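Engineer: What follows is a single structure, and I will ask about it in a moment.
The values are calculated or read from the model by the stated rules, or taken from the named source; none is laboratory data. As the structure is a prediction and not an experimental result, all values here were calculated from the model. We place every Cβ from the backbone using ideal geometry, glycine too, and count neighbours over all the protein chains shown. Heavy atoms of the whole protein, side chains included, go into the accessibility calculation; ligands, DNA and RNA do not. Shrake-Rupley method; radii C 1.70, N 1.55, O 1.52, S 1.80 Å.
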Amino acid sequence: MPLVTTTEMFKKAYNGGYAIGAFNVNNMEIVQAITEAARELHSPVILQASAGARKYAQAAYLRHLVEAAVEATDNEIPIALHLDHGADFEVCKDCIDNGFTSVMIDGSSRPYEENIEVSRKVADYAHDNGVVVEAELGTLAGVEDDVNVAAETAQYTDPDQVVDFVNRTGVDSLAIAIGTSHGAYKFKPGTQPHIRLDILAEIVEKLPGFPIVLHGSSSVPQSHVKTINEYGGALQGAIGIPEDQLRDAARSAVCKINIDSDLRLAMTAGVREHLAKHPSHFDPRQYLADGRNNVKALVRDKIINVLGSENKA
Ligand code: G3H
Ligand code: 13P
Ligand code: ZN
């Protein structure tokens, strides 16, 4: 099958009580690792590109890498190509016009009415072109595309706004803020890592059947943090979202779980360990292969133990 939208994926995920992994892609090794893992486990998957990824790799490379993955996996699994955190109508339009099957318009930092206006405009254009749209209500803390939102200024999604927002924008899925955040430092050391599943439950009650998205959902595996630190890294106090809480969210209305930081940790742990153990190596294929293996193992673990999307392709 060619690249697909997320419509069918989300319908099945909602009814089946699982979620689809949305993994950020920045280079060939990451695309290969994610799609090989998804294929082995017969799982649908979303590959997403941020503005930072498009700046680093160029949109054309990313699109062709993802199309190559569709070919290399023999069309065995549904793969969607998604724009992560589209800042305005123009960037969404550019992706819609260039083969993306899904876009996010992130108007979450704008005033409410402005967020509605831009999300509606993107939804209209996307739907006219067979593309689906994710919008965001509420703001996450953390670092995304060089914008650093302090934990104090982050705001949970207001359940009383969600019906009005979805009805007036016509978007296909909604990203909400319930205490997840971008990056590898999600909670202060010593505090109890905790997301607001009670707010999620309130939102689900108001929007029955509607797909919800969780950003900032890396769990920051301490095994990778330990490896990175053992081989010269300095990641003190990196803490992620507890996986049991992500599993609960996936069983509920959360149909898309965004993961980027964990891929970075897995890749970096593999490369650092390789270079530390083989100081004479200088062929990038040797150390990148170890990074890629780590990413693949991580994605397999997410599909089986967090998302529940194994054998749902
Ligand atoms: O939401 C943020 C993602 O982790 C993308 O990060 O903008 O550094 O590519 P990036
Ligand atoms: P993490 O930083 O938790 O991986 O979140 C990624 C994300 O939300 C991409 O949109
Ligand atoms: Zn995000």
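Engineer: Could you list, bin by bin from short to long, the percent of Cα-Cα pairs of the range 217-313 in 10 Å steps?
Structural biologist: Going out from 0 Å in 10 Å bins, the range 217-313 shows 16, 42, 28, 12, 2 percent.
Engineer: For the range 85-227, take the convex hull of the Cα atoms, compute a quarter of its surface area, and give me that in nm², please.
Structural biologist: 9.8
Engineer: Same structure, new question: Longer than 18 Å from Cα to Cα, which of Lys11/Lys256; Lys256/Lys312; Lys206/Lys302 are they? Say none if no pair is.
Structural biologist: Violating the 18 Å Cα-Cα cut-off are Lys206/Lys302.
Engineer: Counting only residues 5 or more places away or on other chains, whose amide H sits under 5 Å from the amide H of Asn26 once H atoms are built in the peptide plane?
Structural biologist: So Asn26 has HN proximity to Val31.
Engineer: Whole Å is fine, so just give me how far the alpha carbon centre of the range 54-74 lies from that of the range 169-198.
Structural biologist: 29
Engineer: Can you give the % of DSSP beta bridges in the chain that are antiparallel, to the nearest 5?
Structural biologist: The answer is about 10 percent antiparallel.
Engineer: Related question: Convert each backbone phi in the range 73-78 into a coupling constant with the Karplus relation 6.51 cos²θ - 1.76 cosθ + 1.60 (shift: θ = phi - 60°), then list the ³J(HN,Hα) values in order as whole Hz, x for Gly and Pro.
Structural biologist: Couplings: 8, 6, 6, 7, 10, x Hz.
Engineer: Let me ask something else. Across the range 44-55, in residue order, what do the Karplus-derived ³J(HN,Hα) couplings come to in whole Hz, using 6.51 cos²θ - 1.76 cosθ + 1.60 with θ = phi - 60° and x for Gly and Pro?
Structural biologist: x, 8, 10, 9, 10, 10, 8, 4, x, 5, 5, 5
Engineer: So, with a 1.4 angstrom probe, what is the percent of accessible area on the chain that is carbon and sulfur?
Structural biologist: Ligands and nucleic acids excluded, carbon and sulfur reach 50 percent.
Engineer: If the cut-off is a Cα-Cα distance under 13 Å, which aspartates and glutamates reach Lys12, setting aside same-chain residues fewer than 8 apart in sequence?
Structural biologist: Of all the aspartates and glutamates, those that pass the test against Lys12 - Cα under 13 Å, at least 8 places apart if same chain - are Glu310.
Engineer: Collect residues whose amide H, placed 1.01 Å from N in the peptide plane, falls under 5 Å from the amide H of Ile20; neighbours closer than 5 in sequence don't count.
Structural biologist: Lys256, Ile257
Engineer: Let me ask another. Starting from 0 in steps of 10 Å, tell me what percent of the Cα-Cα pairs of the chain lands in each bin.
Structural biologist: Histogramming the chain at 10 Å steps yields 6, 28, 38, 22, 5, 1, 0 percent.
Engineer: Which one, Thr101, Leu140, His278, projects farthest toward the positive side of the charge dipole computed for the chain from Cβ point charges (K/R +1, D/E -1)?
Structural biologist: Projecting each Cα onto the dipole axis, the largest value belongs to His278.
Engineer: Now, a different point. Based on the Cβ-Cβ distance from Ile304 to Asp124, what FRET efficiency comes out when R0 is 41 Å, to the nearest 0.05? Walk me through the intermediate numbers first.
Structural biologist: Details: r = 39 Å, r/R0 = 0.94.
Computed FRET efficiency for Ile304 and Asp124: 0.60.
Engineer: For the range 34-84, would you read off the P(r) tail past 14 Å as a percentage of all alpha carbon pairs? Can you show the working numbers first?
Structural biologist: Details: 616 of 1275 pairs.
Across the range 34-84, Cα pairs with separations above 14 Å total 48 percent.
Engineer: Could you report the chain's accessible area per residue, 1.4 Å probe, as an integer in Å²?
Structural biologist: Accessible surface, normalised per residue, equals 43 Å².
Engineer: For the chain, what does -39500 (n - 2.57) per DSSP helix run (n ≥ 4), summed and divided by total residues, give at 222 nm, in deg cm²/dmol to the nearest 500?
Structural biologist: Per the formula, -14000 deg cm²/dmol.
Engineer: List the lysines whose Cα lies under 19 Å from the Cα of Lys55, skipping any in the same chain that are fewer than 8 positions away.
Structural biologist: Answer for Lys55, where 19 Å is the Cα cut-off: Lys93, listed by chain and number.
Engineer: Hey, could you get me the Stokes-Einstein D for the range 31-169, Kirkwood radius over alpha-carbon pairs, 20 °C and 1.002 mPa s, rounded to whole µm² s⁻¹?
Structural biologist: Once the numbers are plugged in, D ends up at 133 µm²/s.
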